[in-house]
Each structure stands twice: as C-alpha cells, then as structure tokens.
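To keep things clear, I will list the structure first and then write my remarks on it.
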Amino acid sequence: MGTRLAEPVVLAAAKTALYPDIENRPRRYAVTDTQFTLDSWGSWPVPSAVHDQLRPFNALRLASGEPDLLGIGAPPTGVLNGDAASDPVVAVEAKGHNTTPQNADIGRGIEQAHAHLPEVNLGYVAAPAESVTQTARSLARDLNIGVLGVHTDESVDFLEAARVTGAGDLSTGIEALRFQASTHQLTEGSFPVNHPKNFLGYALAVAASGDTSEIYAENVIRAVSDGRRGAILLGLIDSRSDDEYLTHLGAEVVRFAQQQCGSIPAALDRFTEWRGKRTRFTELAPRWAQLARAAAIQYEPTRLIVDSLEQIHEDGTESVRLPALVSRACRLNKPLGVEVFITSGERENVLTPDGDLDEAQLEKPAIYKSGAYFQFKAQLYHVGLLTTGGKDDGTKALNDEWRLEHVAML
C-alpha cells in the first residue's frame with residue numbers, strides 16, 4: 001500500500017481536495033508541472049488514472065523554482081484572510097514516498113512552498129498524513145503554509161490553514177493561467193462561432209429592452225449560447241450570478257451603435273441585414289469591423305499571435321504554417337501558447353518532462369484545438385488582422401498560411 005502515496009498520488013489527491021468539481025466551477029483552473037508526465041516515479045509505474053487526475057500539464061516556471069501545481073481560485077476550505085484576494089494564485093508542493101510514506105520530506109516541501117509566496121497568494125504542502133509531525137505543522141503555521149494530509153485511501157485532511165498573502169508582479173506563466181481560469185470552459189473545445197459581429201451583437205442584445213436571448217436569436221444568430229460565450233471571452237459582458245452586465249468595452253459598443261444608427265433597435269436591424277452573409281467584415285461594415293478589431297486586440301491570444309507574426313516578419317519571413325507559429329508563440333510565452341493552441345490531452349506528448357517543447361509533435365494535427373485554427377483565425381481575418389480565414393479540417397489547417405495583413409514597421 002505504500003506505493004499508493006508516491007508523489008504523483010499525493011499531488012492528485014491534493015488537487016482534487018483543493019479544486020473539487022473544477023470543470024463546473026467558474027474562474028477555477030489548476031495545472032500540473034510537466035515533470036509529472038513521466039510514466040514512472042522512481043521504480044514505481046504511475047497508473048493512467050493518476051495521470052488523468054493530474055491533467056492538464058504545462059511548463060510551470062517561477063523565479064523561485066518549479067511548483068508541482070499552480071491553481072487559480074480559492075480552495076473550498078483551509079484558508080485564512082480569504083477576503084484579501086478574490087481569485088488567488090495557489091502553489092502546491094507535494095511530497096511522497098514510494099515505499100515508506102512516513103519518510104516523506106515534508107519539511108523540504110514547506111520550504112519550497114514558502115519560497116513561492118512572493119509570486120503567489122497561497123502556498124500548500126501535501127504529504128502522507130503519517131509524515132506530518134507537530135514540528136512540521138508548527139513550521140508551516142509560522143511560514144503561512146497550508147498542510148494537506150493524504151491518507152492511503154487518497155482522502156485528504158486540511159491539517160493547517162494557508163494564509164492569503166499579497167503577491168508581487170505575476171510572472172508570464174501565472175498571467176497565462178489567470179487568462180485560462182476565466183476562459184477554459186469556453187475555449188477547451190471550439191472557439192464559439194467565427195464572425196465577430198456575433199459578439200458585438202450580444203452586447204446590443206443585453207442593452208436592448210426585452211429578453212436578451214429572444215432579441216439575440218431574432219436579430220443576430222440563433223446560437224445564443226455561442227454568442228454569449230464569445231462576448232464573455234472578448235470582455236464585452238460580465239456574467240454574474242444575478243444577471244449579465246456590460247463591461248466598459250461592451251458599453252462602448254453600445255455607444256458606437258447609437259452613434260452610427262441612432263438607437264439600439266436600429267442597430268439591431270442592421271445586424272439582421274447581415275445574417276448569413278459571408279463577406280469579410282472589413283468589406284461588409286468597415287467601421288464596425290474596426291470596433292471588433294479594437295476588442296479583439298485586447299484579447300491575450302490575439303496579442304500573442306500578432307507579436308509572434310511580427311517577430312517572424314522581422315526575421316525575414318512573411319507567412320508561416322501553424323507549427324512555426326506555435327513554436328514562435330511558445331518562445332514568447334510558453335504557458336499561454338500551450339493554453340491557447342494545445343489540447344489538454346496532448347500536452348504530455350508536446351511538452352517534455354523538463355517543460356521543453358517537442359517540435360516534432362507540432363506536425364500532428366490532433367494536438368491542436370480546432371477553435372484556434374478555425375473559428376479564432378476566421379475572426380482575426382474578418383477584423384483585418386490576418387490575410388486568410390481558418391479551415392475546419394485539421395490536416396489542411398496544418399499547412400494553412402498565417403500572415404499579418406499589415407506589419408507594424410517598428
């Protein structure tokens with residue numbers, strides 16, 4: 001039974017305890033470091049079920065080292081001073097032992113978790129319950145580190161509460177996870193619909209008098225949930241438990257509509273005229289397309305793609321295939337590049353245990369999120385950023401051209 005508390009098992013149990021039912025909870029996300037993609041831990045083969053619990057993986061690199069797991073969002077219990085951060089960044093260090101659980105080096109885990117506190121809000125150490133001594137608990141309390149005791153049946157006790165601290169400047173890796181925490185339920189599969197007018201139209205439907213869903217379905221498209229998801233993704237609306245609200249950006253869409261058309265109903269009539277038209281938005285409605293472009297460029301994946309293509313152009317290449325784009329994007333911001341382009345089930349193939357990118361894997365269509373190379377690329381084409389739209393066939397998309405319509409001469 002001792003091998004059941006090897007480090008990957010301890011970490012998987014801790015992840016489940018800290019983030020139960022994570023897929024159904026908004027603004028929650030947890031990702032495991034690539035070192036846990038190994039098939040064996042020492043001489044102990046890691047069961048596939050444990051790998052499944054630990055997914056998704058990403059390269060987690062902080063100035064203080066490589067945490068075993070990073071999470072976004074408050075755990076359900078075991079937190080002191082919880083009001084100090086609404087969506088805290090959580091670092092977890094796991095300690096286990098392949099044969100003798102009580103020998104797990106929990107003291108080292110506490111020190112590692114404490115070292116991350118300048119960059120995160122909460123630190124935890126997870127270890128076999130029988131390794132947690134009173135001395136270790138006292139040290140953890142003194143250093144504001146939470147302690148999770150894992151039993152052989154993989155149940156978890158919150159033995160010491162973690163205290164929220166104020167992190168300094170967040171690393172690019174943490175910013176990437178913050179992005180994904182707010183959007184992963186929206187983007188894990190397909191990016192919702194492929195025309196930016198559908199997101200602008202949702203902001204107008206929220207502002208109009210009457211039922212938002214009915215107004216949207218009547219004037220924009222019938223896929224109401226997709227339009228809503230896209231409007232959230234691009235920061236046009238804020239969906240809360242009590243209702244949907246326009247953000248500052250969404251309110252600007254409404255003001256623009258009133259300026260252009262005189263009223264919200266008149267603007268919705270314009271959207272009705274555009275239903276079913278495949279004309280590039282920059283040609284169909286240039287000023288509206290410029291508005292959509294302004295919204296799109298505030299979206300982090302847009303900036304990553306544009307920056308990558310700008311750098312590629314500076315190197316003397318005007319257009320690239322998808323693998324070359326993703327390779328450059330990961331050079332700029334590997335955690336975000338992985339979150340945007342790579343499906344969660346393929347990351348252990350794309351990233352080595354050391355967190356490096358396996359370039360050969362980028363030639364496989366199955367590793368990519370279809371929403372990135374199809375719907376999202378189509379939107380960037382419609383707003384005038386890219387020269388071509390997306391393809392819905394993964395094999396064809398692999399060789400599709402990615403090229404900026406206009407390059408900034410910096």
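The values are calculated or read from the model by the stated rules, or taken from the named source; none is laboratory data. Quick caveat: nothing in here was measured; it's all calculated off a predicted structure. We place every Cβ from the backbone using ideal geometry, glycine too, and count neighbours over all the protein chains shown. Only protein heavy atoms, including side chains, enter the accessible area calculation; ligands, DNA and RNA are left aside. Shrake-Rupley method; radii C 1.70, N 1.55, O 1.52, S 1.80 Å.
Miscellaneous remarks
- Scan of region 239-257 for residues that are surrounded by fewer than 15 Cβ atoms within 10 Å (Cβ to Cβ) and at pLDDT below 95, ordered by number: S239, R240, S241, D242, D243, Y245
- Scanning region 93-126 for residues that are touching a His at 6+ places or on another chain (Cβ under 9 Å) and touching a residue at least 60 places away in the same chain (Cβ under 8 Å) yields a total of 1.
- Contact annotation: residue pairs with Cβ atoms under 6 Å, 6 or more positions apart or on different chains, pairing a residue in region 78-92 that is in contact (Cβ under 8 Å) with a residue 12 or more places away in the chain and part of a loop (DSSP other than H, G, I, E, B) with a partner that is basic (K, R) and surrounded by fewer than 19 Cβ atoms within 10 Å (Cβ to Cβ), are D87/R27.
- Some residue of region 280-293 being open to solvent by less than 10 Å² (accessible area, probe 1.4 Å), of a type in the set (S, T, N, Q) and touching a helix residue (DSSP H, G or I) at 6+ places or on another chain (Cβ under 8 Å): no
- For region 1-56, filtered to residues that are assigned to a helix (DSSP H, G or I) and of a type in the set (S, T, N, Q), the residue that is least open to solvent (accessible area, probe 1.4 Å) is T34.
- Yes/no for A129 being buried (at least 16 other Cβ atoms within 10 Å of the Cβ), touching a Gly at 6+ places or on another chain (Cβ under 8 Å) and over 19 Å from G71 (Cβ atoms): yes
- Flag if D157 is open to solvent by 10 Å² or more (accessible area, probe 1.4 Å) and closer than 15 Å to A14 by Cβ: yes
- Number of the condition not met by N58 [criteria: (1) without any contact (Cβ under 8 Å) to a residue 40 or more places away in the chain; (2) touching a Pro at 6+ places or on another chain (Cβ under 8 Å)]: (1)
- Any hit, region 373-388, residues being outside any helix (DSSP H, G or I), buried (at least 17 other Cβ atoms within 10 Å of the Cβ) and out of contact with any strand residue (DSSP E or B) (no Cβ under 9 Å at 6 or more places or on another chain): yes
- Residues that are part of a loop (DSSP other than H, G, I, E, B) and open to solvent by less than 30 Å² (accessible area, probe 1.4 Å), drawn from region 208-217: A208
- Any chance T343 is modelled with pLDDT under 95 and either surrounded by 22 or more Cβ atoms within 10 Å (Cβ to Cβ) or hydroxyl-bearing (S, T, Y) (or both): yes
- Within region 389-402, restricting attention to residues that are surrounded by 17 or more Cβ atoms within 10 Å (Cβ to Cβ) and of a type in the set (D, E, K, R), the residue that is nearest to the chain's Cα centre (by Cα) is K391.
- Among residues of region 301-318 being surrounded by 16 or more Cβ atoms within 10 Å (Cβ to Cβ) and in contact with a helix residue (DSSP H, G or I) (Cβ under 8 Å, 6 or more places away or on another chain), the one that is farthest from Q375 (Cα to Cα) is I312.
- Residues in region 57-77 that are surrounded by 23 or more Cβ atoms within 10 Å (Cβ to Cβ) and not in a loop (DSSP other than H, G, I, E, B): F57, N58, L69, L70, G71, I72.
Yes/no per residue for (1) small (G, A, S); (2) open to solvent by 80 Å² or more (accessible area, probe 1.4 Å); (3) modelled with pLDDT of 95 or more; (4) closer than 12 Å to A203 by Cα:
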position: Q259; (1), (2), (3), (4): no, yes, yes, no
position: L268; (1), (2), (3), (4): no, no, yes, yes
position: Y299; (1), (2), (3), (4): no, no, no, no
position: V320; (1), (2), (3), (4): no, no, yes, no
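- Helices (runs of 4 or more DSSP H) wholly inside region 218-326 that include at least 3 residues being more than 28 Å from the chain's Cα centre (by Cα) and not hydrophobic (A, V, I, L, M, F, W, C): 248-261, 264-274
- Filter pass, L332 being open to solvent by 30 Å² or more (accessible area, probe 1.4 Å), touching a Gly at 6+ places or on another chain (Cβ under 6 Å) and in a helix (DSSP H, G or I): no
- Residue check for V326: among the β-branched types (V, I, T) and in contact with a helix residue (DSSP H, G or I) (Cβ under 8 Å, 6 or more places away or on another chain): yes
- Here Q361 fulfils each of the conditions (1) closer than 22 Å to E66 by Cβ; (2) of a type outside the set (K, R); (3) touching a Phe, Trp or Tyr at 6+ places or on another chain (Cβ under 6 Å) apart from (3).
- Options L236, L186, L204; residue that is farther than 30 Å from G73 by Cα and either open to solvent by less than 10 Å² (accessible area, probe 1.4 Å) or modelled with pLDDT under 75 (or both): L204
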